[in-house]
Amino acid sequence: MAVPKKRISRSRRGMRRSHRALSFHGIGICSNCGAPVRPHHLCLACGYYKNRQILG
């Protein structure tokens, strides 16, 4: 049966997992007011979505 000969250090384990981090992307800019907006969501600053006013 395969058994590890030595304990893996925190540093080596972290280096192995370095590519698993979540990436933070997908923030757009509101075309009406320029505020940061999540994709496919209306702008909470001005209430616009796709150049139409949704919230009054």
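The values are calculated or read from the model by the stated rules, or taken from the named source; none is laboratory data. Since the model is a prediction, treat every value here as computed from it, not as a measurement. When we count neighbours, we look across all protein chains shown, and the Cβ atoms used for this are built from the backbone with ideal geometry, even at glycine. Just the protein is used for accessible areas: all its heavy atoms, side chains included, with ligands, DNA and RNA removed. Shrake-Rupley method; radii C 1.70, N 1.55, O 1.52, S 1.80 Å.
Things to note:
- J(HN,Hα) series, the range 20-30, from Karplus relation 6.51 cos²θ - 1.76 cosθ + 1.60, nearest Hz, glycine and proline x: 8, 5, 6, 9, 9, 8, x, 8, x, 10, 5
- Answer label, with Cα extents along the principal axes in Å calculated from the coordinates and candidates (i) 39, 29, 21; (ii) 66, 21, 13; (iii) 43, 28, 16: (ii)
- Taking Gly34, Gly14, Gly26 in turn, the Gaussian network model of the chain (Cα-Cα springs below 10 Å) assigns the largest fluctuation to Gly14.
- In order along the range 37-47, the Karplus-derived 3J(HN,Hα) couplings, from 6.51 cos²θ - 1.76 cosθ + 1.60 at θ = phi - 60°, round to 9, 6, x, 6, 10, 7, 6, 6, 7, 10, x Hz, and Gly and Pro are given as x.
- Converting phi to 3J(HN,Hα) with the Karplus coefficients 6.51, -1.76 and 1.60 and the offset θ = phi - 60°, the range 50-56 yields 6, 6, 10, 7, 9, 9, x Hz in sequence order, with x at every glycine or proline.
- Rounded to the nearest 20 debye, the dipole size of the chain about its Cα centre is 860 debye, using +1 on the Cβ of Lys and Arg and -1 on the Cβ of Asp and Glu.
- Sites Arg20 and Arg52 - FRET efficiency at Förster radius 35 Å, r taken between beta-carbons, to 0.05: 0.35
- Accessible area of the range 1-50 belonging to carbon and sulfur atoms, whole % at 1.4 Å probe: 57
- Per-residue [θ]222 nm for the chain (sum of -39500 (n - 2.57) over DSSP H runs n ≥ 4, rounded to 500): -3000 deg cm²/dmol
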